[in-house]
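For reference, the structure discussed in these notes is given below.
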2 protein chains.
Amino acid sequence: MAKLDYTNGIELLDGARSVAVCGHVNPDGDCLGSALALTLGLRSLGYEVTPLLATREQPKLYDFLASYGDFMPACEYHARPDVFILVDVPSAARAGDGEHVFKRAKKTLVIDHHQGDASFADVGYVDSTAAAAGMLVWDFLEQAGAEMTADIATCCYTALVTDTGRFQFQNADSRALMAAADMAAAGALPSEVARYVYQRRSWAALQLEALVVRRLELLFDGKLALSWACEADFEELGASKEDGDSLIDAIRQLDGVEIAVMLREQGPVVRGSIRSKTDRDVAAIAAQMNGGGHKAAAGFTIHGKLPEARAIVEGLVAESFAEQPKASMTTDAEVTATTAFTRIREDML
Amino acid sequence: MAKLDYTNGIELLDGARSVAVCGHVNPDGDCLGSALALTLGLRSLGYEVTPLLATREQPKLYDFLASYGDFMPACEYHARPDVFILVDVPSAARAGDGEHVFKRAKKTLVIDHHQGDASFADVGYVDSTAAAAGMLVWDFLEQAGAEMTADIATCCYTALVTDTGRFQFQNADSRALMAAADMAAAGALPSEVARYVYQRRSWAALQLEALVVRRLELLFDGKLALSWACEADFEELGASKEDGDSLIDAIRQLDGVEIAVMLREQGPVVRGSIRSKTDRDVAAIAAQMNGGGHKAAAGFTIHGKLPEARAIVEGLVAESFAEQPKASMTTDAEVTATTAFTRIREDML
């Protein structure tokens, strides 16, 4: 797919002074990096830009990005911006507290790469073939005439490297790698970004992962790998919620596994992450628990304790193994995009 | 740096019929992928190509590469090839059993990206600014007029992704990403390669890593992270030597660490891997134990048991912390490239 033509979006900014930018709830590298790239780029073009957080959550992981300290919770932003830009966001609701800003903004712009359309905004760009929203932001700023600085490149590269899982997910295609090369040419340092994002793990996160690996069980002739953690584990190790986000990746690495499941008991619920290493559609499995996500990476929440949750998951996985793998690339139609996105765990693909 | 002009190397092949290709001892993804890409590409041009192994070692990890079954140990190859190509090899000695083939070959060609010169061969190409030898092989085959198939692209991409550590090492620059984009455009599937290389870990490898993480010690105010494994661990878990290769990466991930050390007791010796997360030069530390490597990744062998090895390493690291970090990018001059390469562990950068 060729680069989008952002003329309408750039024209929308004509005459504007105040701009607010916001990503989605459970913020990841793509929405945070994209929002900051827009902030930096549009500021260089003379706009007054405020980057907003969909909730108060601001992961420490991305604190190396330029102007990271400028983020403010959307609930504390009471102005009526001339233009409000939602980035990496498929619906106004997904912007959390940003939805109120969206409603009162004079003009709205959406730049996104999720499945869906952007008709809820005045001008919208959706390209679901882009590996990251950061790629679209990169093109948008270039077309808008912003100076493509090393800081902007680093923000967009971070968006791209995290949303492709270090170029390991199925969205890591030639176009994504070419965009990464452009960003590196503009000053992004892949090794530095990797050091910040992947080489700053906490002691607790490492020990939690070791614990989960020791508990790992193989079921269905090794096709299902399952492990779990409970609140007591987190407390004992002094681990944060964020420390648990990559546990599913540790399980997923195992040879021969077709489906990987990580269960985390949190109060009255068990949150599950589920991954497919084959064509098997785990979003369809998650959908049966009112969860959702992508074919290869989904999430769900079960009201109950670990043993019950485990029994439910095992039953559904057994059904899935009894069926032929589905050829379809789409998420179960019964799960709307909104349901899926609001239910999906923050550690998804 | 612009692409090299491979005219002389291509001319060297003129009139040749039999070609043998060989990488280095302790074969990695770069030398194996590069050797197979050359095999496939030159076969398509009509040559009879035999890919050789420097020793009998052929890691299962790369068994997904096309024609991987065609590799034969160099010690079993008794012919006198018209052209012998050493790839990812900085000296004939580093080709292990391939050195004998090198000596009797009619003509010799070297394609490499290590520091050094290729004057030991009839024609040689060394570009130490290339992230992987596979990038040079890609350009060589293109200039030679080979059909750049998906299989060749996959071999070269595998070379590149492994030698850059999934685009996380300092050699992961714009040029490397651009080459990766070209290879993906020619049919290499980054997600598939990642699945084979990084998502087929053995049960034993995961459990071994968990054990090493549990044993992890932080010294010097958290600046040194150190762990260890002994033969009994490998036996108990049924782990192979290969399963231990990535243990240092597990340690290196920890936040705040400047130097990471992994010690493995193997019979009468302790083999150490050492990594720097800052500007501190660990090759200089390794050199004091007659080891070597790169500034950020080095290895060494100590004759003795774990407690002695540990005391030696701790002492040298203490000295390093007492000094100012060195600004130099070069390896300690006392360690020649050959010494370094023969002593360096196979799990190096």
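The values are calculated or read from the model by the stated rules, or taken from the named source; none is laboratory data. Note that this is a predicted model, so its numbers are computed, not measured. With ideal geometry, Cβ positions are generated from the backbone for all residues, glycine too; neighbour counts draw on all protein chains shown. To get the accessible areas, we keep the full protein, side chains included, count just its heavy atoms, and leave off ligands, DNA and RNA. Shrake-Rupley method; radii C 1.70, N 1.55, O 1.52, S 1.80 Å.
Annotations
- Residue B:196 meets each of the listed conditions (1) more than 8 Å from chain A (Cβ to nearest Cβ); (2) among the aromatic types (Phe, Trp, Tyr); (3) crowded, with 22+ Cβ neighbours inside 10 Å apart from (3).
- Scanning the stretch B:130-189 for residues that are in a helix (DSSP H, G or I), more than 14 Å from chain A (Cβ to nearest Cβ) and open to solvent by less than 10 Å² (accessible area, probe 1.4 Å) yields B:133, B:134, B:136, B:137, B:140, B:141, B:152, B:155, B:159.
- Considering only residues in the stretch B:58-84 that are over 17 Å from the mean Cα position of the chain (by Cα) and more than 14 Å from residue B:35 (Cβ to Cβ), the one that is surrounded by the most Cβ atoms within 10 Å (Cβ to Cβ) turns out to be B:82.
- Output for the stretch B:26-40, where each listed residue is open to solvent by less than 30 Å² (accessible area, probe 1.4 Å) and in a loop (DSSP other than H, G, I, E, B): B:27
- Considering residues of the stretch B:209-221 that are at the interface with chain A (Cβ under 10 Å from one of its Cβ atoms) and either out of contact with any helix residue (DSSP H, G or I) (no Cβ under 7 Å at 6 or more places or on another chain) or part of a helix (DSSP H, G or I) (or both) only, the residue surrounded by the most Cβ atoms within 10 Å (Cβ to Cβ): B:209
- Note on the stretch A:222-236: residues that are within 26 Å of the chain's Cα centre (by Cα) and within 12 Å of another protein chain (Cβ to nearest Cβ) total 2.
- Candidates A:50, A:55, filtered to the one that is hydroxyl-bearing (Ser, Thr, Tyr), closer than 30 Å to residue A:205 by Cα and at pLDDT 95 or above: A:55
- The one condition in (1) surrounded by fewer than 20 Cβ atoms within 10 Å (Cβ to Cβ); (2) within 21 Å of residue A:156 (Cα to Cα); (3) hydroxyl-bearing (Ser, Thr, Tyr) that residue A:125 fails to fulfil: (1)
- Screening residue A:116 on (1) part of a loop (DSSP other than H, G, I, E, B); (2) surrounded by fewer than 20 Cβ atoms within 10 Å (Cβ to Cβ) shows it passes everything except condition (2).
- Among the criteria (1) over 12 Å from residue B:141 (Cβ atoms); (2) surrounded by fewer than 24 Cβ atoms within 10 Å (Cβ to Cβ); (3) modelled with pLDDT of 95 or more, the one residue B:43 does not fulfil is (1).
- When residues of the stretch B:266-276 are limited to those that are part of a strand (DSSP E or B) and more than 23 Å from residue A:202 (Cβ to Cβ), the one nearest to the other protein chains (Cβ to nearest Cβ): B:272
- Test: residue in the stretch B:276-295 that is touching a Lys or Arg at 6+ places or on another chain (Cβ under 6 Å) and touching a residue at least 60 places away in the same chain (Cβ under 8 Å): no
- Any hit, the stretch A:44-51, residues being touching a strand residue (DSSP E or B) at 6+ places or on another chain (Cβ under 9 Å), free of Cβ contacts under 8 Å to residues at least 40 places away in the same chain and assigned to a loop (DSSP other than H, G, I, E, B): yes
- Residue match in the stretch A:85-95 (condition: open to solvent by 40 Å² or more (accessible area, probe 1.4 Å) and either part of a helix (DSSP H, G or I) or without any contact (Cβ under 8 Å) to a residue 24 or more places away in the chain (or both)): yes
- Look at the stretch A:110-128: where a residue is at pLDDT below 95 and a partner is of a type in the set (Ser, Thr, Tyr) and crowded, with 20+ Cβ neighbours inside 10 Å, sitting 6+ places away or on another chain with Cβ atoms under 7 Å, you get A:118/A:125.
- Annotation for the stretch B:288-304: no member residue is in a helix (DSSP H, G or I) and open to solvent by 20 Å² or more (accessible area, probe 1.4 Å).
- For the stretch A:253-265, the tally of residues that are within 12 Å of chain B (Cβ to nearest Cβ) and surrounded by 23 or more Cβ atoms within 10 Å (Cβ to Cβ) stands at 2.
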